[in-house]
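Taking it in order: structure first as structure tokens, then the write-up.
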Amino acid sequence: MDGSITTNKGIALIGKLLAQKGALQITRVAVGDGTPPASPATLNALVHELKNATIESVDNPKNGEAKIVVTVSSIGVTQGFFVKEIGVFAKDTDGREILYAYAGFSDNPQWIRPEGTAITNVATYDINTIIDRVSEVKVTIDPSSLATKADLTKLDDRISALERKEHVKIYGVRWPKGASASKGERIYDSVGMTAEAGVGSQTVTNDFDKAYPFAGRRRCNGYRDADRTFHVTAYEGEPGYTTNDPAKLVYVETPEFYYFDGIDGDYEVMAVSTYPVPGFEFMPRTYSAAYLVAMEGETGSKKPTSRSGVFSDYNSLNGWATDIKKLGSQYTGMLAVDNYIDGLLMMIEFGTKDVQTVIMGASILPYSDSHVALAAEDSANRILITKAQAADYVVGQTISLSKSNIWSDEVAKNRIVTKIEDKSTDQTYLYFDGAAVSIAEGCHVSSRPWVNGAADVVAASSGSTVDNTSGKYPFIYRGKENPYANAWVNVADLLHVREGTEGNYKYHMAYLPDPTKYAGGTVSSDYVQLDFEMPGQDGYVKELGKDPRYPFVRATKTIGGSSSTYYADYYWYGRNAVNAVLAGGNLSDGRVCGPRSFGCSDAPSSSYWSRRARLS
């Protein structure tokens, strides 16, 4: 902060202290979320005080100003808030406390998260305040601050000891700054490590299976209580754990870790460590659903589940916000941080920004208007199409049938292909499960997302069911099924915003620190505009923007890559004033899919069969 306004009472106090040659005694510093007034000098208190800040230090260089360093943490915060005002309080000569100085900043206020949420934070402020010729400034440093500093000293000593005796493991990858090559160079303790992805029951060599935080990811059953605290009821392998009970949600736990994702000298670096490392950010333990959301239960009382053996459902971002709340107001869809963690770990583990070169995912499944029945059949569990078309399908995948188009499913919905059998040299039957249906000539057949749990057969920590390269099969990445491809997943705490007039539009991302406050796609005051612009054209992602306030929210800043350079993932810009944000890519999108693929072209109310959700 550049400075603060000394209040009228503060100026009067300076005069008294100069006359008495007394010392200025600062009693406390407080923060609030009130809107700063036009004339703050007349204030006697904060507009809306919420909590005291922790005074870390006071520097009195005797130049007429003093610098007060304070911190504001999530500790004791039950409901998150934006810090829009700070007040410095002092003791008047009569012993009463007055508001001595005031600083207000409505632009880019810092969000303080509630204690106990997945990510908590501490904000630090340097307050420069006028003290004129007052000879001395007295302040009582908060005991908790002293304890914190002592703890930090201990932590520094512990890190030094670890570095000397045990060596803090850091796993990373780097690219020359500005380089277009997707494949990076392994650095730190990653040098020489092998990371193979398996197929089916195959066992492979993956040195990251013994490296944390990668090895620390594990599946569990659990739930969020009313204050959003996550409770694990059983880990995979423990009694009571299950993947197919609709009453038990299946999540992936990622342990806490420290990470770096940015420029270091002449290189772009991504790195993680289990222990604190100077310059690294902290990532708390997180929980993200292993499977896509399926709505299950009796008609009229269906609730979201994350489990194996069922087909996921589709909805708009608005619709998902409503449906997910049927589990409780504390539940939300997938968050930006979930998407970020998956991508960061994958890129470091596999040593490339283009992770589809390792695992394509279900990204090249057939979806075409030309795939229609060549003959009519009554009471059938098969559809006849051309042999060339049938070659694009695989046994085990999901299809739907419609009389009129490829996006509907009124003839048959979510049927699994059980057999593919030639009728002649140029015609082939696709057989499917479920009740028999009547197939009219010209009936459309098209692909749909794989059934949840299809990748549970993969024995390796990561890999696909049949092969990793064809783009036909589902996969798992360290407990999470299909983190990209297969179906787009709505991001619950982001909206893509277009502002300005036609021909002069500007685009940015709006981030919602408290995702439970989502309100039907309205960009309310609860949102924070990220401090980088986004492209107004579609294209392959070249560079991701980063807001230092929220380093785990990464979105497209620059396009200009390709399907084999930079991130090799695609970005669609917003066609509406406010747009939903979808991540990962769809089952027929091919090489545009990936963890940094973002679809931002549709309104929050837009619903389509490819818009899926994942619990966070």
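Pairs over the 28 Å Cα-Cα cut-off, from the set Lys183/Lys546; Lys84/Lys138; Lys138/Lys546; Lys9/Lys51: Lys138/Lys546.
Computed from the C-beta positions of Asp126 and Ala375, the FRET efficiency with R₀ = 60 Å rounds to 0.20.
Enumerate the aspartates and glutamates that Lys210 could reach by cross-link, defined here as Cα to Cα under 19 Å, with residues fewer than 8 away along the same chain left out. Cross-link targets: Glu166, Asp189, Glu196, Glu236, Glu253, Glu256, Asp342, Glu349. Counting only residues at least eight positions apart within a chain, or on another chain, the lysines with an alpha carbon under 17 Å from that of Lys419 are Lys387, Lys472.
Per residue, the accessible area of the chain comes to 41 Å² when a 1.4 Å probe rolls over the protein heavy atoms.
Relative contact order, whole percent, for the range 197-304 stands at 21, derived from Cα pairs under 8 Å and 6 or more residues apart. How much of the accessible area of the chain, in percent, comes from carbon and sulfur atoms when a 1.4 Å probe is used? Summing carbon and sulfur atoms, their accessible area is 48 percent of the total for the chain.
Under the membrane-span-like helix rule (DSSP H runs whose alpha carbons stretch at least 15 Å along the helix axis, mean Kyte-Doolittle hydropathy 0.0 or higher), the chain yields 8-20, 336-350.
Multiplying the residue separation of Ser404 and Thr229 by 0.36 nm and removing their Cα-Cα distance gives an extension gain of 58.3 nm.
Here are labelled values, (1) 24.6, 78; (2) 28.2, 106; (3) 24.1, 72, and one is the computed Rg and Dmax of the Cα atoms in Å for what I pasted. Which one? Step by step, Rg and Dmax of the Cα atoms in Å for this structure corresponds to label (2). The distance from the alpha carbon centre of the range 478-526 to that of the range 537-597 is 12 Å, rounded to a whole number.
Peptide packing for 452-460, 490-498, 77-85 was compared via the average number of neighbouring C-beta atoms within 10 Å per residue; ordered from the highest value, the list is 490-498, 452-460, 77-85.
Roughly how far apart, in whole Å, are the Cα centres of the range 1-70 and the range 231-271? Here the answer is 44 Å between Cα centres. Simple spin-label estimate for Ala23 and Lys419 gives 9.2 nm between the two label positions (7 Å along the Cα-to-Cβ direction from each Cα).
Remark: the range 431-442, residue by residue, has Karplus-estimated 3J(HN,Hα) of 8, 9, 7, x, 5, 5, 9, 8, 9, 8, 4, x Hz, where x stands for each Gly or Pro and the curve is 6.51 cos²θ - 1.76 cosθ + 1.60 at θ = phi - 60°.
Using C-alpha pairs under 8 Å with a sequence gap of at least 6, the mean separation divided by the residue count of the chain gives a relative contact order of 13 percent. Cross-link candidates for Lys326: which lysines have Cα within less than 21 Å, leaving aside residues fewer than 8 places away along the same chain? Partners found: Lys248, Lys302, Lys303, Lys517. Using just its DSSP H runs of length 4 or more, each adding -39500 (n - 2.57), the chain gives a mean residue ellipticity at 222 nm of -3000 deg cm²/dmol after division by all residues.
The values are calculated or read from the model by the stated rules, or taken from the named source; none is laboratory data. Quantities reported herein were computed from a predicted structural model and do not represent experimental measurements. In this analysis, Cβ positions are derived from the backbone assuming ideal geometry, glycine residues included, and neighbour counts consider all displayed protein chains. With ligands, DNA and RNA removed, areas are computed over all heavy atoms of the protein, side chains included. Shrake-Rupley method; radii C 1.70, N 1.55, O 1.52, S 1.80 Å.
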